[in-house]
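J.: Before I ask anything, here is the structure I am working with.
The values are calculated or read from the model by the stated rules, or taken from the named source; none is laboratory data. None of these values were measured; they are calculated from a predicted model. Here the Cβ positions follow ideal geometry from the backbone for every residue, glycine too, while neighbour counts run over all protein chains shown.
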């Protein structure tokens with residue numbers, strides 16, 4: 001029994017180390033420098049969010065899966081699974097990186113803010129942890145089974161991130177959301 | 001597209017002119033994408049379209065082309081695979097190349113990568129490349145079966161280099 005406890009503790013410790021190590025990794029992903037009117041931040045955010053959601057629908061949706069399955073070729077099916085896994089994992093990393101960037105930005109602004117509320121900060125921290133956990137679970141599931149059928153979780157991840165963006169602004173008024 | 005709201009007025013006018021005169025004549029989004037990408041200089045990354053630059057300020061015309069490129073690229077990248085496969089098949093037929101030679105060249109040389117806008121979102125760019133690869137595999141599977149179809153190793157000789165279909169505004 002004691003060995004099992006030690007094993008579980010080691011597993012949890014390893015998971016924690018992995019989480020911390022990943023949070024130190026920063027991947028700038030969105031590149032909007034070349035598009036016109038980059039000073040219109042609100043509209044750019046809106047456009048990026050819409051595009052991110054469309055990527056989600058394509059990568060985690062099962063329309064393409066059904067089309068390829070109906071084709072009946074194992075080679076194409078394997079190719080689809082491989083490619084969709086790659087895109088889905090990239091999308092998850094991006095969401096996770098966006099969340100970390102938002103929290104860093106929030107922490108910087110919170111240091112100078114005078115009217116912070118404990119409940120607000122706690123709620124934000126909870127949402128952030130929830131998002132990171134969901135990203136890890138989603139990554140593992142995608143790696144093991146592929147992204148098809150996980151659309152609901154991906155949508156939930158996206159929603160939590162939007163919540164963090166919105167809530168970060170409410171908790172520290174004047175904080176701009178990061179367009180990463 | 002939301003970007004439209006933030007375009008300067010002259011760029012927007014040039015874009016609308018280009019859309020109605022040139023793009024509207026091209027039936028599929030994939031062909032529109034290839035056409036717009038062909039207006040970009042590979043060395044400088046700058047866009048140029050004779051007709052558009054004659055009617056508008058050349059800088060506004062180039063920006064309009066860049067904007068059009070981004071929009072069509074996004075449309076093609078997020079397209080369902082069934083539709084993309086059909087569009088690619090139509091494009092392959094319009095190229096009048098031997099299907100096997102076309103597919104082999106596209107799979108080996110990946111010429112479709114030049115259709116990616118310079119400032120494209122990296123995830124969308126990856127999705128585009130990924131979808132084209134799968135659509136090519138679908139088309140190869142749909143080809144009438146011959147003994148050496150699966151290998152795809154050799155490139156049959158082409159009688160003469162062919163260029164992209166010409167569309168004029």
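J.: If you go through segment B:110-138 one residue at a time, how many are surrounded by fewer than 19 Cβ atoms within 10 Å (Cβ to Cβ) and over 15 Å from the mean Cα position of the chain (by Cα)? Even if it seems obvious, please write down each step before you answer.
T.: To start, the set of residues in segment B:110-138 that are surrounded by fewer than 19 Cβ atoms within 10 Å (Cβ to Cβ) comprises B:110-111, B:113-114, B:118-119, B:122, B:125, B:129, B:133.
Now restrict to residues that are over 15 Å from the mean Cα position of the chain (by Cα): B:119, B:122.
Within segment B:110-138, residues that are surrounded by fewer than 19 Cβ atoms within 10 Å (Cβ to Cβ) and over 15 Å from the mean Cα position of the chain (by Cα) number 2.
Listed here are the residues, each with its yes/no results for (1) within 14 Å of another protein chain (Cβ to nearest Cβ); (2) surrounded by fewer than 16 Cβ atoms within 10 Å (Cβ to Cβ); (3) in contact (Cβ under 8 Å) with a residue 60 or more places away in the chain.
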{"site": "A:91", "(1), (2), (3)": "yes, no, yes"}
{"site": "A:94", "(1), (2), (3)": "yes, no, yes"}
{"site": "A:101", "(1), (2), (3)": "no, no, yes"}
{"site": "A:105", "(1), (2), (3)": "no, no, yes"}
{"site": "A:109", "(1), (2), (3)": "no, no, yes"}
{"site": "A:122", "(1), (2), (3)": "no, yes, no"}
{"site": "A:127", "(1), (2), (3)": "no, no, no"}
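J.: Sticking with this structure for a sec: For segment B:50-70, does any single residue satisfy the condition of being within 19 Å of residue B:111 (Cα to Cα) and surrounded by 14 or more Cβ atoms within 10 Å (Cβ to Cβ)?
T.: To start, the set of residues in segment B:50-70 that are within 19 Å of residue B:111 (Cα to Cα) comprises B:69-70.
Those still in the list that are surrounded by 14 or more Cβ atoms within 10 Å (Cβ to Cβ) too: B:69-70.
Within segment B:50-70 (the criterion being within 19 Å of residue B:111 (Cα to Cα) and surrounded by 14 or more Cβ atoms within 10 Å (Cβ to Cβ)), the answer is yes, since at least one residue qualifies.
J.: Filter segment B:13-56 for residues that are in contact (Cβ under 8 Å) with a residue 24 or more places away in the chain and within 14 Å of another protein chain (Cβ to nearest Cβ); which is farthest from the chain's Cα centre (by Cα)?
T.: Out of the qualifying residues, it is B:13.
J.: Turning to a different aspect of this structure: Just give me the residues in segment B:102-130 being facing chain A (nearest Cβ under 7 Å), without any contact (Cβ under 8 Å) to a residue 40 or more places away in the chain and in a helix (DSSP H, G or I), in sequence order. Give the derivation first.
T.: Keep residues of segment B:102-130 that are facing chain A (nearest Cβ under 7 Å), which gives B:118-119, B:121-124, B:126-127, B:130.
After this cut, where a residue has to be without any contact (Cβ under 8 Å) to a residue 40 or more places away in the chain as well, the list is B:121-123, B:126, B:130.
If the condition is that a residue be facing chain A (nearest Cβ under 7 Å), without any contact (Cβ under 8 Å) to a residue 40 or more places away in the chain and in a helix (DSSP H, G or I), then B:122, B:123, B:126, B:130 are the ones that fit.
J.: Scanning for something more than 8 Å from chain A (Cβ to nearest Cβ), over 16 Å from residue A:83 (Cβ atoms) and at pLDDT 95 or above, does segment B:78-86 turn up at least one residue?
T.: Among the residues of segment B:78-86, at least one is more than 8 Å from chain A (Cβ to nearest Cβ), over 16 Å from residue A:83 (Cβ atoms) and at pLDDT 95 or above, which makes the answer yes.
J.: Could you give me the residue pairs with C-beta distances under 8 Å whose first residue belongs to segment A:66-87 and is at the interface with chain B (Cβ under 7 Å from one of its Cβ atoms) and touching a residue at least 12 places away in the same chain (Cβ under 8 Å), whose second residue is surrounded by 16 or more Cβ atoms within 10 Å (Cβ to Cβ) and not in a helix (DSSP H, G or I) wherever it lies, and which are 6+ apart or on separate chains?
T.: If the second residue must be surrounded by 16 or more Cβ atoms within 10 Å (Cβ to Cβ) and not in a helix (DSSP H, G or I), the pairs left are A:87/A:147.
J.: What number of residues within segment B:91-100 satisfy the criterion of being buried (at least 17 other Cβ atoms within 10 Å of the Cβ) and assigned to a helix (DSSP H, G or I)?
T.: Count: 3.
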